[in-house]
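Worksheet: the structure to be examined is printed underneath.
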């Protein structure tokens, strides 16, 4: 989640790897819109309610099974910027060890794309 109106960035340690941090995320449920998925994932992971402000990054990825070239997994990764509408943060999801706010993103945060997608008209 990006900074907006002086708010800080939430980050959480991924499952079982407390020495690494990650942004809230989760799987898309059938019939759910991507924006709904993002808001639900943030709420379930950190307890924070948010409003999405813009698309930050999107990437389509195909993972091929090394043992069987015909077996492929197609993944769409979408990251949004958002503004928190609640301040209380807590580790809500299974396997999340801790959830907290940071004034600046820590070096140990998982890779975040360096460039934001351009807004319409740019």
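The values are calculated or read from the model by the stated rules, or taken from the named source; none is laboratory data. Values in this document were obtained by computation on a predicted structure and should not be read as measured data. When we count neighbours, we look across all protein chains shown, and the Cβ atoms used for this are built from the backbone with ideal geometry, even at glycine.
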> Can you find even one residue in the range 57-70 that is surrounded by 10 or more Cβ atoms within 10 Å (Cβ to Cβ), part of a loop (DSSP other than H, G, I, E, B), at pLDDT 85 or above and over 15 Å from the mean Cα position of the chain (by Cα)?
Replying inline: no
> Can you tell which of 42, 78, 48 is touching a strand residue (DSSP E or B) at 6+ places or on another chain (Cβ under 8 Å), assigned to a loop (DSSP other than H, G, I, E, B), touching a residue at least 12 places away in the same chain (Cβ under 8 Å) and closer than 16 Å to residue 25 by Cβ?
Replying inline: 48
>> Quick check on my filter: what residues within the range 95-122 are modelled with pLDDT under 65 and more than 13 Å from the chain's Cα centre (by Cα)?
In response: 114, 115, 119, 120, 121, 122
> Where residues in the range 41-54 are surrounded by 16 or more Cβ atoms within 10 Å (Cβ to Cβ) and out of contact with any helix residue (DSSP H, G or I) (no Cβ under 9 Å at 6 or more places or on another chain), which of them is farthest from residue 90 (Cα to Cα)?
Replying inline: 41
